[in-house]
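Visitor: Okay, here's the structure, questions in a sec.
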């Protein structure tokens, strides 16, 4: 009896409990036997999960967000972390963002700590109810933007002399916003904006037939996107709105008006593009101030935009672009965010190719020297932070990879994602009447409108591939 109790006591003493906060150090595991297809092999143990790739949001601004109202007494309402992430990723479902917060995947830079050379910045997890401070930068995993790819490729149904019923219905589905003054639609790639004799299904011809909505004339073009690019496209419905928008998008110095709200709304106007470039800029963010000039090639048949020489002998136009790198370099490519401060032809494409030295994927006009070696690009690269090799994750639908980075001839990866502009329909009434006491229905409308457009199919596939988890 006494010996049996002693054995039980020894068993209890020999048992050791470890804390979950401080687990024991991992032992160096030896080779393991793995069985596959009824064949046993001796191999190394399975590696643990690798770090997630993070996408950096711009620093939080201190002024009220465009499209968001402040309190009636003039005090700006506090913005929480979940509100800031939802505002930036307007097209993402709220449930997806909430799940990332619940899993503790949303992080923020720790202020006051010194960053060591060669190491990542110290991060901390944040709660969705945490109040944002001015200049705070939030990091989220790239999986928050991964979305499902439609099985149908984004293109117009057919090319005919006059738009048919399918083309009219297709254009009406692309409309994101419509009021009495403007129309905002998500332009698909490979659709020309301005048509001529050999081009039948251009944007202006389709809009005149499909987007008149009872008016005598269709909407007019205000600013143009390249034929290969995609994204938010703005059109005016009346002559008054077209003239006001054309004045708004000119690069001349605009004087102050008698309406302070209109001046504030004009200063808040901007466009943001997302682009996939070959390589990565040396600086993570910066300002490009490089004037542009035009040259004629092939006896005047082809026009090309280049960086102007410093001599100043040739005519040039001022061109300014803000850029910011969104994430790490993957397979030799990186995603960047572009914000043009001037409106020049092929400004973003030339600045990326010649000023930064990182041409946009699919830009064969200004990045032909890179795309000659596109077939020989490796599919395995080294992750910069850990130094370990990784591979690209292939999507489920391989039949819709037309134009993505897996294609031998990828399409242009340039997309106008975000557009912020004044509420033209409201300010037309204010500027014409010049009255302080407006109708409550008019004064209740927001001063600034904000739109976010989803990427086309080929860019969605490239995003899911190039910005996937490390595997």
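Visitor: What's the number of the condition residue 446 fails, among (1) surrounded by 15 or more Cβ atoms within 10 Å (Cβ to Cβ); (2) at pLDDT 75 or above; (3) farther than 21 Å from residue 348 by Cα?
Guide: Every condition holds for residue 446 apart from (1).
Visitor: Test residue 261 against the criterion of being under 30 Å from residue 445 (Cβ atoms), under 22 Å from the mean Cα position of the chain (by Cα), at pLDDT below 90 and in the same structural domain as residue 354 (by TED's automatic domain parsing), and give yes or no.
Guide: Numbers: under 30 Å from residue 445 (Cβ atoms): yes; under 22 Å from the mean Cα position of the chain (by Cα): no; at pLDDT below 90: yes; in the same structural domain as residue 354 (by TED's automatic domain parsing): yes.
For residue 261, the condition - under 30 Å from residue 445 (Cβ atoms), under 22 Å from the mean Cα position of the chain (by Cα), at pLDDT below 90 and in the same structural domain as residue 354 (by TED's automatic domain parsing) - is not met.
Visitor: May I ask you to list pairs of residues, at least six apart or on different chains, whose Cβ atoms are under 7 Å apart, with the first in segment 265-292 being outside the structural domain of residue 458 (by TED's automatic domain parsing) and the second being surrounded by 15 or more Cβ atoms within 10 Å (Cβ to Cβ) and in a helix (DSSP H, G or I)?
Guide: Within 7 Å, the pairs are 288/351; 288/355; 290/351; 290/355; 292/347; 292/350.
Visitor: Let me ask another. Could you say whether any residue in segment 287-296 is modelled with pLDDT of 85 or more and part of a loop (DSSP other than H, G, I, E, B)?
Guide: yes
Visitor: Criterion first (modelled with pLDDT of 60 or more and in a helix (DSSP H, G or I)) does residue 405 satisfy it? Please lay out each step first, then the result.
Guide: On the way: modelled with pLDDT of 60 or more: yes; in a helix (DSSP H, G or I): no.
Here the answer is no, as residue 405 does not meet what is asked.
Visitor: Report, by residue number, each residue of segment 95-109 that is within 14 Å of residue 143 (Cβ to Cβ), surrounded by 14 or more Cβ atoms within 10 Å (Cβ to Cβ) and modelled with pLDDT under 85.
Guide: Within segment 95-109, 96 is the sole residue that qualifies.
Visitor: Kindly evaluate residue 366 against the criterion of being under 18 Å from residue 277 (Cα atoms), at pLDDT 85 or above and part of a loop (DSSP other than H, G, I, E, B).
Guide: Answer is yes for this residue.
Visitor: Within segment 222-236, can you find the residues that are at pLDDT 90 or above and in a loop (DSSP other than H, G, I, E, B)? Before you say what the answer is, go through the steps one by one.
Guide: Narrowing segment 222-236 to residues at pLDDT 90 or above: 229-236.
Residue satisfying the conditions is 229 alone.
Visitor: Filter segment 309-346 for residues that are modelled with pLDDT of 85 or more and in a loop (DSSP other than H, G, I, E, B) and give the result.
Guide: Passing the criteria: 318, 319, 326, 341, 342, 343, 344, 345, 346.
Visitor: With (1) surrounded by fewer than 13 Cβ atoms within 10 Å (Cβ to Cβ); (2) at pLDDT 90 or above as the list, and residue 300 as the residue in question, which single condition is left unmet?
Guide: (2)
Visitor: What's the number of the condition residue 392 fails, among (1) under 21 Å from the mean Cα position of the chain (by Cα); (2) at pLDDT 60 or above; (3) farther than 30 Å from residue 239 by Cα?
Guide: For residue 392, the exception is condition (2).
The values are calculated or read from the model by the stated rules, or taken from the named source; none is laboratory data. Please read all numbers here as calculations on a predicted model, not as lab measurements. As a convention, Cβ positions derive from the backbone with ideal geometry for all residues, glycine included, and neighbour counts pool all protein chains shown.
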